[in-house]
Each structure stands twice: as structure tokens, then as C-alpha cells.
Number of protein chains: 2
Amino acid sequence: MARPKVYDPAVLGAQMRDVFWQKGYEGTSLSDLVAATGVRSGSLHAGFGQKSALFAAALDAYDEAFLGAMDVEGRGRDRLRHYIDLLHNRVTTDPAKRGCFVIASASEIDRHTDENREAIQSRIRQMQMYIENAMEEDGVRDPDASAAFLGAVVSLLTLARCNVDTAILRGIRDEAKRRLG
Amino acid sequence: MARPKVYDPAVLGAQMRDVFWQKGYEGTSLSDLVAATGVRSGSLHAGFGQKSALFAAALDAYDEAFLGAMDVEGRGRDRLRHYIDLLHNRVTTDPAKRGCFVIASASEIDRHTDENREAIQSRIRQMQMYIENAMEEDGVRDPDASAAFLGAVVSLLTLARCNVDTAILRGIRDEAKRRLG
DNA sequence: ATCCTTTTTGGTTGATTGACCAAAAATTCT
DNA sequence: AGAATTTTTGGTCAATCAACCAAAAAGGAT
């Protein structure tokens, strides 16, 4: 009884995610989004809301890549070893060197709305809990080791954008695995 | 034989540094800079050049805080232990939670000019060499340990902005020191 | 005191930004 | 076919952006 949407909100979210991912929040304009999606600004506003809502949708579309990727095989610290291998591999083979959308967004967290700020921080907290839970599968509760592992993930994803020597990224990965015992 | 500058370029650089530091590169406008410095945009352009040159000056004004702070007492890995203590302390007591200007700039590195991109990366490289040199003072050459320490610094400075549990920041600091032996 | 040089002022520029809206188009249901 | 409903189109809107410039102001040198 109504005109159907011509775009798929899910693929639209993914397209916007890629733009925000590469250009940052302030760095992407509405017209950037229009150019990347082929959807006019009027439709974007009607379908989602203002810019901050577009970003929220982009963040949702990223979950599969960041938190979803944590569903990796193994148990306990084995899963963490596989996870950081996966991250390192993904990050070093990305020709665009985009690093991680969440971490990049965290670095410009001041410029987000309260709502999106919370959404970003929540994802980092989820990462922290994922790490702690994985270690507890081995009966290990070591807050400092968890923090160090989270730090390794964060630094890996940050430095991936910076053209640093690849030996550094490898070193961070290997040390993180070594520390797990 | 000419009208003297009414502003001190050094303090002007420091003022601009603080604005860029808090708001990011794209996030700060010329009028932000004018408001913070009291110097009109015409003078800024005449004295420095376009926006990217203003940022370069701000980056220079930061060196004392980032690389200059590495002149901490001790030798070898002792110096690294003091350094990360200093960083942790500085970062956790900053009410504005600004983290590190260089790391924050690295996260939006795509949006900088080639020149500033290089300036940012160069500072990270300097940090890496500082770490390696410090370890070599103890006769230790351990690229993975250096990478891990650099990772700890980067993650500490990144997460400092994100309202994460302070225990995480402490954990990252302590693990970095522990790994040094 | 007057010239000379440089800084500063105060403004304009054209482009771009995010936000919004009314009218046209598209589709399903009756 | 026509009514109802939603999306899309294409545009406007004020605000802001970075960049630049001519003229006024401020000294130091002579």
C-alpha cells in the first residue's frame, strides 16, 4: 500500500560505514554519503534522521567486522590467539590501511553526540569483556593480562593506519600471544 | 624599521596546539583558532600560511610534551619505566582526557596534507627509535619487546580519551613495565 | 619629523556544510 | 481504475568554512 524502498537499509549501512571508516565523522559530508550510496540526501534523512543517526547505522553495520569477528574457533586463550592473528592479518592486508572503525571513532570521540559516544565506548567495553570471558574459559582471571591484550588490539588497529614498519605490527601480535602463556 | 609582531609565535603555537589537540584537525575551524588566540585570521595567514601550516606549527609546539618528555631520568629500560609512569600519570590526571596529540592526529592521518602526514609518522618513528635506543643502553636488542612497549604507549594514549575503566590503563602500564624484565 | 617596512585590521569571496521541505513518483490495496 | 500511503526527487535555507586582500596602523631608521 506504499511505495517500496529502492535501497536495502543493510547495504546502505555498509556503504556509509565504509565512507565514515575512511574519512572519519567530521571528514565525511552528506554529499560524500550521497555519492557513495546513490541515495539522495532527502531519502537519507527520511530513512534514518540526521547525520548522527547515519553514523549510528554505520556503526551497527560494522559490528560484524569487529565484534562479530570474535566468533573465532577455539576456547579460552586459544580463541584470543586466533583472534589477534585474524586481526593482524586483516589489518596488514588491507590496501586502504583503514585499521579499525571503532578505534578510529574513539579517537575523535569528542566530536560525537552523547548517544554515539556511548555506542563507541560500549563497543570497547564489549571487547574488554570478550577478552576477560575468553580467559576465564581457561579458569584464568588476570585483569592485567586482559588489559595488556586489549592494549595490543587497540595499538595494532591504531598503528595499522600509520605506515609503520610491518615488523612492529608483527611484534605487537607476537608479544600479545606470548603473554597469554 | 618595521612594525613588530604583537604576538609571540611560540605561545601562539602552543595555543593552537591546544585547540587542535582537543578538537582534531577537521574539527577546528579558523575561527576557533582566532577565538583561542585573539589573533585575527589575516595575521594567522600572514604569519604562518594556510590551515595545514597552522597545524604544522601546532605539532611543533607539542614536541616538548611528547618527545621532550622522554628526557626522563635513568638509563636503559629504567628510563622506559619512568617514561610510561610519567605518561600514565599525565594522561589519567588530565581532566580534559585529551590523550596524545600525535596519536590522535595519527588516527585522522588520511585527512592531512602529505607534509603533515609525514610529520606525524616521523614522530611515531622517533618514538620507536627512542625505545630501541633506551633498551640498547642495557645491551638489549629485542625488537618484539620494543614493539610491545610502543604498543603499550599507543594504546594507553588512545584509550585515555575513551572513559575506559582506569584499571585498564593501569594494567597496560604495569604489563609494559613487567615485560621489560 | 618623515619615510619605509611589516603587521594588523576588517572585510569579502565562493564554496560547502547539515538540515529540511513541498511536490512528484511509485506501488499496493480496495 | 482510483484512493491511500510512502519514498524519492530536487530544491532551498541559513550558517559556516578556508582563503585572501586592500587599506589602516605601528613602529624603527634616518
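Quick note: the coordinates plus some simple rules give every number you see, no bench work behind them. None of the values given here were measured: they were computed from a predicted structure. Here the Cβ is made from the backbone with ideal geometry for all residues, glycine too, and neighbour counts use every protein chain on show.
Can you name the residue in the range A:85-117 that is under 19 Å from B:Glu26 (Cβ atoms) and among the polar types (S, T, N, Q) and, of all such residues, is nearest to the chain's Cα centre (by Cα)?
A:Ser105
Among residues belonging to the range A:105-133 that are among the charged types (D, E, K, R) and free of Cβ contacts under 8 Å to residues at least 12 places away in the same chain, point out the one that is surrounded by the fewest Cβ atoms within 10 Å (Cβ to Cβ).
So, considering only residues that are among the charged types (D, E, K, R) and free of Cβ contacts under 8 Å to residues at least 12 places away in the same chain, the one surrounded by the fewest Cβ atoms within 10 Å (Cβ to Cβ) is A:Asp114.
Which ones in the range B:100-110 are over 15 Å from A:Leu157 (Cβ atoms) and part of a loop (DSSP other than H, G, I, E, B)?
Correct list: B:Cys100 only.
Within the range B:110-124, which residues are within 22 Å of B:His82 (Cβ to Cβ) and facing another protein chain (nearest Cβ under 8 Å)?
Restricting attention to the range B:110-124, the residues satisfying the condition of being within 22 Å of B:His82 (Cβ to Cβ) are B:123-124.
Of everything in the range B:110-124, just one residue is within 22 Å of B:His82 (Cβ to Cβ) and facing another protein chain (nearest Cβ under 8 Å), namely B:Ile124.
Let me confirm something: among A:Ala58, A:Ala10, which residue is surrounded by fewer than 20 Cβ atoms within 10 Å (Cβ to Cβ), of a type outside the set (D, E, K, R), closer than 18 Å to A:Phe101 by Cβ and away from chain B (no Cβ under 14 Å)? Spell out how you get there, then give the answer.
Numbers: A:Ala58 fails: surrounded by fewer than 20 Cβ atoms within 10 Å (Cβ to Cβ).
The conditions single out A:Ala10.
In the range B:31-55, what residues are surrounded by 12 or more Cβ atoms within 10 Å (Cβ to Cβ), within 14 Å of DNA strand C (Cβ to nearest atom) and closer than 26 Å to A:Ala104 by Cα?
B:Leu33, B:Lys51, B:Leu54
Within 16 Å of DNA strand C (Cβ to nearest atom) and among the hydroxyl-bearing types (Ser, Thr, Tyr), is that true of B:Thr28? Steps first, answer last, please.
On the way: within 16 Å of DNA strand C (Cβ to nearest atom): yes; among the hydroxyl-bearing types (Ser, Thr, Tyr): yes.
It is true that B:Thr28 is within 16 Å of DNA strand C (Cβ to nearest atom) and among the hydroxyl-bearing types (Ser, Thr, Tyr).
For residues in the range A:140-161 being free of Cβ contacts under 8 Å to residues at least 12 places away in the same chain and surrounded by fewer than 22 Cβ atoms within 10 Å (Cβ to Cβ), which is nearest to the other protein chains (Cβ to nearest Cβ)?
A:Asp144
Being farther than 14 Å from A:Leu150 by Cα and hydrophobic (A, V, I, L, M, F, W, C) is the filter here; which residues of the range A:109-137 pass it?
Once the filter is applied, which keeps residues that are farther than 14 Å from A:Leu150 by Cα and hydrophobic (A, V, I, L, M, F, W, C), the range A:109-137 yields A:Ile109, A:Ala119, A:Ile120.
Going by what's in this entry, would B:Tyr25 be described as within 14 Å of chain A (Cβ to nearest Cβ) and either polar (S, T, N, Q) or outside any helix (DSSP H, G or I) (or both)? Don't jump to the end; show me each part of the working.
Details: within 14 Å of chain A (Cβ to nearest Cβ): yes; either polar (S, T, N, Q) or outside any helix (DSSP H, G or I) (or both): yes.
Spelling it out, B:Tyr25 is indeed within 14 Å of chain A (Cβ to nearest Cβ) and either polar (S, T, N, Q) or outside any helix (DSSP H, G or I) (or both).
I'd like to know if the range B:90-99 contains one or more residues that are surrounded by 16 or more Cβ atoms within 10 Å (Cβ to Cβ), more than 12 Å from every other protein chain (Cβ to nearest Cβ) and closer than 20 Å to A:Arg170 by Cα.
No; the residues of the range B:90-99 include none that is surrounded by 16 or more Cβ atoms within 10 Å (Cβ to Cβ), more than 12 Å from every other protein chain (Cβ to nearest Cβ) and closer than 20 Å to A:Arg170 by Cα.
Could you tell me whether the range B:46-56 includes any residue that is within 17 Å of B:Gln15 (Cα to Cα), of a type in the set (Gly, Ala, Ser) and in a loop (DSSP other than H, G, I, E, B)?
Among the residues of the range B:46-56, at least one is within 17 Å of B:Gln15 (Cα to Cα), of a type in the set (Gly, Ala, Ser) and in a loop (DSSP other than H, G, I, E, B), which makes the answer yes.
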